Amino acid sequence: MEKGSRSLPAGTLIESPEITPDELQLAVRNHSMPLEALRYDITPVGMHYLLIHFDIPALDMATYTLSIGGHVRRSLSLSLDDLMARPATTIAVTLECAGNGRARLAPRPLSQPWLSEAVGNAEWTGTPLRHLLDEAGIREGAVEVVFTGHDRGVQGEVEQLYERSLGIADAMRDEVLLAYAVNGRPLPPQHGFPLRLLVPGWYGMAHVKWLRSITITDRPFEGYQQASAYHFRTTARVAGAPVQRMRPRALMVPPGVPDFMSRTRFVEPGVHVIVGRAWSGEAPVARVEFSDDGGQTWAAASLDPATSPYAWRRWTFRWDARLGEHELCVRATDAAGSSQPVEQNWNLEGVENNAVQRVRVIVGRPEQQQPPADSL
């Protein structure tokens, strides 16, 4: 890291594998989920992945209000007590950052340098959004519902409140919640206290935190986070496809013990039960496969039932670990037929990169390793 290096704009492509000072600043503010947390059906809040675009706003529960207006028959202003007095729903939902896997791309888009652990599965409690939209009365001609957060900053040289939108049909789905609790406790500040949007099945950018207002519009929303950010494109000359639902992904708890720096795993010979989780926001996970030779051959893993339609599924595989070096891989396929690619899915923003996980494993102590074939 060079002293005095200048700040680079988001979207810059980095040819060097070295992390820049700008990326390091993001990485120390945000965090991924330790892979060993895949053992838990419900991720402890402190282990759940976290991404904060700007700053955590200072909000007071006693004075907090949410406004609902725009292309409606009746505008609403609701306190947190008003919202908590309404019918409540608790659902387990897997959330994943759209940029998960970005740091493995080459060249690497300059942004939060995720590897593959930007995920978590929590139980969220809140009130269905649909009931509030019905109460406000969406007028004929309405097109989208815009969600505005209290967090403010500059991105793409645009000063903005963080805002995203959903089409009317998506916003009216029964599972979309205004959530005020996670894992049975009030939202912590970093996860959107006192109120956030929850859109099961969608990547994390859609789940607007620190909700300030909900506005129904009669035209498409063209704010920065919607129209410019979170698009899959391989060239800056086209707008690309907007990112929405999570693509299939499976992750494993790496077996054995790690080397401190490289995270290479050391495993004793014998049968080991490999455990992990798999999810997809597009369709239910239908199959998980395991490989110990870098993805050249695959074998079916066992799948447990999902705890909710929007939560990851536990899978297991009995692996016979034999002396030598192995590259363990795992891939998920959903009921729509979408499967994880073996190679990286490169694009300008580093989004939707759901390439298979790879874990380097050495079975046996160094003196037990077989010599290379060309040395025999």
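No lab work stands behind these numbers, since they all come straight from the coordinates. Remember, predicted model here, so these are calculated numbers, not experimental data. Backbone-built Cβ (ideal geometry, glycine too); neighbour counts: all protein chains shown.
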### Query
Per the Cauchy relation, a quarter of the hull surface: what is the mean projected area of the convex hull of the alpha carbons in the stretch 288-343, in nm²?
4.7 nm²
### Query
Considering the dipole of the stretch 255-376 built from charges on the beta carbon (Lys and Arg +1, Asp and Glu -1) around the Cα centre, which of Val361, Ala306, Gly350 is farthest to its positive end?
Ala306
### Computed label-point distance, nm, for sites Ala106 and Ser338 using a 7 Å Cα→Cβ extension
2.7 nm
### Query
In percent, what relative contact order does the stretch 13-229 have, based on Cα pairs under 8 Å that are 6 or more apart in sequence?
25 percent
### Cα-centre dipole for the stretch 13-229 with unit charges at Cβ (Lys and Arg positive, Asp and Glu negative), debye to 20
280 debye
#### Entry: Farthest positive-ward along the chain dipole, Cα basis, beta-carbon charges - from Ser213, Gln25, Pro188
Ser213
### Task
Please work out the Cα center distance from the stretch 319-343 to the stretch 244-264, rounded to the nearest Å.
11 Å
### Task
Please arrange Tyr49, Tyr203 by counting, for each residue, the other beta carbons lying within 10 Å of its beta carbon, fewest first.
Tyr49, Tyr203
### Message
Taking loop as defined by DSSP and a crowding limit of 13 other beta carbons within 10 Å, which chymotrypsin sites (Phe, Trp or Tyr not before Pro) in the stretch 246-291 fit?
### Response
Phe260
### Query
Could you state the number of Å between the C-alpha centres of the stretch 118-164 and the stretch 54-109?
6 Å
### Query
the chain: Rg/Rh from Cα coordinates, Kirkwood Rh?
1.00
### Task
Sort Met172, Met261 so that the residue with the fewest other Cβ atoms within 10 Å of its own Cβ comes first and the one with the most comes last.
Met261, Met172
### Query
Full extension from Trp346 to Thr264: what is 0.36 nm times the residue separation minus their Cα-Cα distance, to one decimal in nm?
27.0 nm
### Query
Under a plain spin-label model, where a point goes 7 Å from the Cα along Cα-to-Cβ, how far apart in nm are His31 and Asp60?
3.0 nm
#### Entry: Computed lengthening from Asp218 to Ile42, 0.36 nm per intervening residue step minus Cα-Cα distance
59.5 nm
## Note on the structure
Rh_Kirkwood(the stretch 238-304) over Cα pairs, Å, one decimal, evaluates to 14.7 Å
### Per-selection metrics, the stretch 13-229 (Cα): Rg and Dmax in Å
17.6, 55
#### Entry: Unit charges at the beta carbon, dipole of the chain: most positive-side option, Ile68, Thr12, Pro255
Ile68
### Query
Using a basic spin-label model with each label point 7 Å from the Cα along Cα→Cβ, how many nm lie between Ala300 and Thr316?
1.7 nm
### Summary
Counting every C-alpha pair in the stretch 98-210, the percent lying more than 19 Å apart is 55 percent
### Task
Convert each backbone phi in the stretch 95-107 into a coupling constant with the Karplus relation 6.51 cos²θ - 1.76 cosθ + 1.60 (shift: θ = phi - 60°), then list the ³J(HN,Hα) values in order as whole Hz, x for Gly and Pro.
10, 9, 6, 4, x, 4, x, 4, 5, 8, 7, 9, x
### Query
When the dipole is taken about the Cα centre of the stretch 223-354, and only Lys, Arg (+1) and Asp, Glu (-1) are charged at their Cβ, what size is it in debye, to the nearest 20?
420 debye
#### Entry: Phi-based couplings in Hz for the stretch 53-68 (Karplus 6.51, -1.76, 1.60; Gly and Pro marked x)
5, 10, 10, 6, x, 8, 10, 10, 4, 5, 10, 5, 9, 10, 9, 10
### Task
Give the order of Ser32, Ser291, Ser77, Ser308 when sorted by the count of other beta carbons within 10 angstrom, beginning with the fewest.
Ser77, Ser308, Ser291, Ser32
### Query
Which length gain, in nm to one decimal place, applies between Arg152 and Thr307 when the Cα-Cα distance is subtracted from 0.36 nm times their residue separation?
52.2 nm
### Cα-centred dipole magnitude for the chain, charges only on beta-carbon of K, R (+1) and D, E (-1), debye, nearest 20
280 debye
### Summary
Within the chain, excluding any trypsin sites (Lys or Arg not before Pro) found in a DSSP loop (not H, G, I, E or B) and having at most 16 other Cβ atoms within 10 Å, the longest uninterrupted segment runs 7-72
### All Cα pairs of the stretch 176-227, percent lying beyond 15 Å
54 percent
#### Entry: From phi via Karplus (6.51, -1.76, 1.60), per-residue ³J(HN,Hα) for the stretch 304-320 in Hz, x at Gly/Pro
8, x, 6, 6, 7, x, 10, 10, 5, 10, 7, 9, 9, 8, 8, 9, 8
